[in-house]
Structures are given as C-alpha cells and as structure tokens.
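Written out below as structure tokens is the structure these notes cover.
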C-alpha cells in the first residue's frame with residue numbers, strides 16, 4: 001500500500017477504502033478533456049479496472065486541455081484511447097486499463113458497460129448521456145454526469161434509487177434537434193475541465209468506497225465570475241425513462 005500512502009492516510013478512506021478501490025471497475029465514456037483527467041485520477045488513485053471508451057483521434061485543438069496527449073500524438077494520428085492507455089499503464093501497473101476505440105452506441109452498450117460498477121460521463125454528447133442514463137437505470141448502476149463549456153461547469157451523481165438525468169433535463173431531445181452549444185462554438189477554459197472531472201472522480205471514489213456523503217444535488221459553477229450554486233434534483237414519478245422505462249436510446 002506504499003504507493004497509496006498519502007491517500008490511505010486520509011481517515012475517511014484508509015486501507016479498507018483503498019482495497020475497495022483496487023477491486024472496483026469503472027468505465028469512462030470519452031477521452032477528451034474530462035476523460036483525460038478522470039481516467040488519470042482514477043488510475044493513480046488505484047481503481048483496479050478502468051475502461052476508456054472513445055472513437056476519436058488527437059487534434060491540435062485538443063492539446064490546451066487534454067492532458068494525456070502531445071504534439072507527436074497529433075502527427076501520428078493514433079486513437080486517443082490507445083495513447084491514453086499507454087501513458088496510464090506506465091503510471092500505475094497495479095491497475096488494468098482497457099482501451100476501446102469505439103463510440104458508445106446502443107449496439108455496444110451492453111458489452112462495454114455490463115461488467116463495471118460505475119460509469120463516468122466524460123462526453124460532449126447529449127445523445128451519449130441519455131444512452132448512459134437509460135442503460136444505468138435498466139441495470140441499476142450509478143453514473144456521474146459532467147459538463148463543461150466556456151467558464152460554466154455542472155456535475156451530478158445519478159444513483160439507482162434517485163432521480164435520473166431525464167428527471168432533471170425534462171423531455172429527451174435528440175442532439176441533432178438541439179441548439180448548438182458546443183466548445184467549438186463557445187470555447188472552454190482548461191481550468192474548468194480539470195475542476196469538473198476532478199469533482200466527478202471524487203464522487204466516484206465516495207460511491208466505490210461506500211461513503212455516506214455522496215452529493216445528491218446538481219452542482220453548477222461559473223469560474224470566471226465566481227458563481228456557485230447547488231440545484232436540487234427531485235425524482236419525477238411521471239418520468240418516461242426512470243418512471244415508465246420507455247427508453248428512447250437503449251432499445252434502438
């Protein structure tokens with residue numbers, strides 16, 4: 001346990017918590033800015049199995065915030081997940097890093113998410129989030145949402161017994177029909193993505209170790225103008241997704 005001494009010395013984690021982390025399995029959906037920090041922190045914290053799912057390659061515009069990649073990776077054109085996995089395996093040989101160079105879609109969700117304890121959303125896709133939400137409702141798995149754009153960040157934990165993503169967002173909206181609100185259009189600060197993903201991983205560690213302090217509200221913050229707010233989330237008994245199990249993505 002010497003590797004994790006600075007972590008196990010924290011009284012709320014300890015060696016028992018570390019053993020739980022080493023036996024845990026997490027899927028990180030996305031290997032961009034949120035995914036780089038999330039997978040890096042999970043692996044270094046000693047989560048025993050981390051699967052990274054993403055079908056993209058490294059682009060020069062990624063480098064200001066996607067901390068696992070270099071200019072050489074842009075030139076080589078390799079899939080992000082292979083580059084990330086190589087780096088992370090060298091950082092911690094205690095854990096298994098599984099690289100999946102595919103986009104998460106309804107057809108592969110069962111194969112990629114069925115054998116993990118928890119899912120971390122590190123995507124920039126509402127379609128992917130709704131798919132994760134439906135899969136985790138159906139299979140009673142916790143998942144953690146993270147969003148970052150411009151200077152605005154949001155994170156929330158969705159547990160099997162609580163409200164779901166659709167309870168909070170309302171009607172499911174296909175991404176192609178939604179207004180364009182992307183980092184490509186609005187920009188994003190690299191400090192923001194680091195904060196959002198670190199908060200996601202903190203909640204994941206709490207869940208995996210059985211802590212009773214898991215946050216139940218949506219946390220919103222704006223780091224340029226120094227705003228922070230907890231937005232309450234309530235379960236909607238008429239939610240078509242967690243209430244009626246009328247899935248829009250999972251069973252396509």
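How about the stretch 129-143: which of its residues are at negative phi and not in a helix (DSSP H, G or I)? Steps first, answer last, please.
Residues of the stretch 129-143 at negative phi: 129-139, 141-143.
Hits for the stretch 129-143 are 141, 142, 143.
Name the residues in the stretch 78-108 that are surrounded by fewer than 21 Cβ atoms within 10 Å (Cβ to Cβ) and closer than 15 Å to residue 250 by Cβ, would you?
Residues satisfying the conditions are 105, 106, 107, 108.
Just to be sure I understand the filter: pairs with C-beta atoms under 6 Å, separated by 6 or more residues or on different chains, first member in the stretch 109-128 and on the phi < 0 side of the Ramachandran plot and in contact (Cβ under 8 Å) with a residue 60 or more places away in the chain, second member surrounded by fewer than 21 Cβ atoms within 10 Å (Cβ to Cβ) and in a loop (DSSP other than H, G, I, E, B). Which pairs pass?
Once the first residue is on the phi < 0 side of the Ramachandran plot and in contact (Cβ under 8 Å) with a residue 60 or more places away in the chain and sits in the stretch 109-128, its partners that are surrounded by fewer than 21 Cβ atoms within 10 Å (Cβ to Cβ) and in a loop (DSSP other than H, G, I, E, B) give 118/142.
Give me the residue from the stretch 196-212 that is without any contact (Cβ under 8 Å) to a residue 60 or more places away in the chain and in contact with a helix residue (DSSP H, G or I) (Cβ under 9 Å, 6 or more places away or on another chain) and, out of that set, surrounded by the fewest Cβ atoms within 10 Å (Cβ to Cβ).
Among them, the one singled out is 212.
Check residue 119 against each of (1) modelled with pLDDT of 95 or more; (2) more than 23 Å from residue 58 (Cβ to Cβ); (3) surrounded by fewer than 19 Cβ atoms within 10 Å (Cβ to Cβ) and name the one condition it does not meet.
Of the numbered conditions (1) modelled with pLDDT of 95 or more; (2) more than 23 Å from residue 58 (Cβ to Cβ); (3) surrounded by fewer than 19 Cβ atoms within 10 Å (Cβ to Cβ), the odd one out for residue 119 is (3).
Any chance you could count how many residues in the stretch 214-252 are free of Cβ contacts under 8 Å to residues at least 60 places away in the same chain and over 22 Å from residue 133 (Cα atoms)?
Adding up the residues that qualify gives 4.
Table: residues versus (1) at pLDDT below 95; (2) under 20 Å from residue 210 (Cα atoms); (3) surrounded by fewer than 24 Cβ atoms within 10 Å (Cβ to Cβ); (4) in contact with a strand residue (DSSP E or B) (Cβ under 9 Å, 6 or more places away or on another chain).
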| site | (1), (2), (3), (4) |
| --- | --- |
| 25 | no, yes, yes, yes |
| 30 | no, no, no, yes |
| 45 | no, yes, yes, no |
| 50 | no, yes, no, yes |
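Just checking, how many residues over the stretch 56-75 are assigned to a loop (DSSP other than H, G, I, E, B), surrounded by fewer than 20 Cβ atoms within 10 Å (Cβ to Cβ) and touching a helix residue (DSSP H, G or I) at 6+ places or on another chain (Cβ under 8 Å)? Can you show your working first?
Of the stretch 56-75, the ones assigned to a loop (DSSP other than H, G, I, E, B) are 56, 58-59, 63-70.
After this cut, where a residue has to be surrounded by fewer than 20 Cβ atoms within 10 Å (Cβ to Cβ) as well, the list is 56, 59, 63-64, 67, 70.
Restricting the remaining residues to those that are touching a helix residue (DSSP H, G or I) at 6+ places or on another chain (Cβ under 8 Å) gives 56, 59, 63-64, 67.
Qualifying residue count for the region: 5.
Can you name every residue in the stretch 213-252 that is touching a helix residue (DSSP H, G or I) at 6+ places or on another chain (Cβ under 7 Å), part of a loop (DSSP other than H, G, I, E, B) and more than 20 Å from residue 140 (Cβ to Cβ)?
213, 223
The values are calculated or read from the model by the stated rules, or taken from the named source; none is laboratory data. All values reported here derive from a predicted model rather than from experimental measurement. Here Cβ is always computed from backbone atoms with ideal geometry, including for glycine, and neighbour counts include all displayed protein chains.
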